[in-house]
Amino acid sequence: ALVGSLVFLWGAHADRDLVVAQTRKPIMMTRIYTAPDGLSHAEEVEMKNTGGVTEMMKATGVQFSSRPPGPAASNDWHVGPRRQYVITLSGRAEIEVANGQKVAIGPGHINLIEDTTGKGHITRNLGPDNRVVVTIPLAP
């Protein structure tokens, strides 16, 4: 009876794992990049992963920052200093690209900044709270 119960519980656990795997949402990011026209554009991209885990990426460091909200905290047009992930931990912002498209940014949002040339983008930190981000520069 004990063995039968264990086999039943293991089977239920395996079925639950299958349901979780079938309903797992993809990891999405917003890629900000410079197109051949020299202007920045944004696209939603599904991160490639296996079983909910991406491949390991080479990074050169990690930096945390707190950015105040409001018009004074908005950047003018600028390019990224390097290819990097910028992940918002708390607070809100929007990124505007050259065609006027605005991308809403909130907690958990992953940006891949690749517009290191051209016109760039505008980042606006929206209130009332500071926007806390982790920046992860990618190795060449």
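The values are calculated or read from the model by the stated rules, or taken from the named source; none is laboratory data. Note that the structure is a prediction, hence the values are computed from the model and not measured. When we count neighbours, we look across all protein chains shown, and the Cβ atoms used for this are built from the backbone with ideal geometry, even at glycine. These accessible areas exclude ligands, DNA and RNA; they are computed on the full protein's heavy atoms, side chains included. Shrake-Rupley method; radii C 1.70, N 1.55, O 1.52, S 1.80 Å.
Find the strands (runs of 3 or more DSSP E) located wholly in region 47-116 whose residues include 3 or more that are open to solvent by less than 90 Å² (accessible area, probe 1.4 Å) and under 21 Å from residue 34 (Cβ atoms), and list them.
On the way: elements: 63-67, 84-90, 92-96, 102-105, 110-114.
In region 47-116, 84-90, 92-96, 110-114 are the strands (runs of 3 or more DSSP E) which contain 3 or more residues that are open to solvent by less than 90 Å² (accessible area, probe 1.4 Å) and under 21 Å from residue 34 (Cβ atoms).
Do the conditions hold for residue 128, that is, is it in a loop (DSSP other than H, G, I, E, B), open to solvent by 50 Å² or more (accessible area, probe 1.4 Å) and at pLDDT 95 or above?
On the way: in a loop (DSSP other than H, G, I, E, B): yes; open to solvent by 50 Å² or more (accessible area, probe 1.4 Å): yes; at pLDDT 95 or above: no.
Judged against the criteria, residue 128 is not a match.
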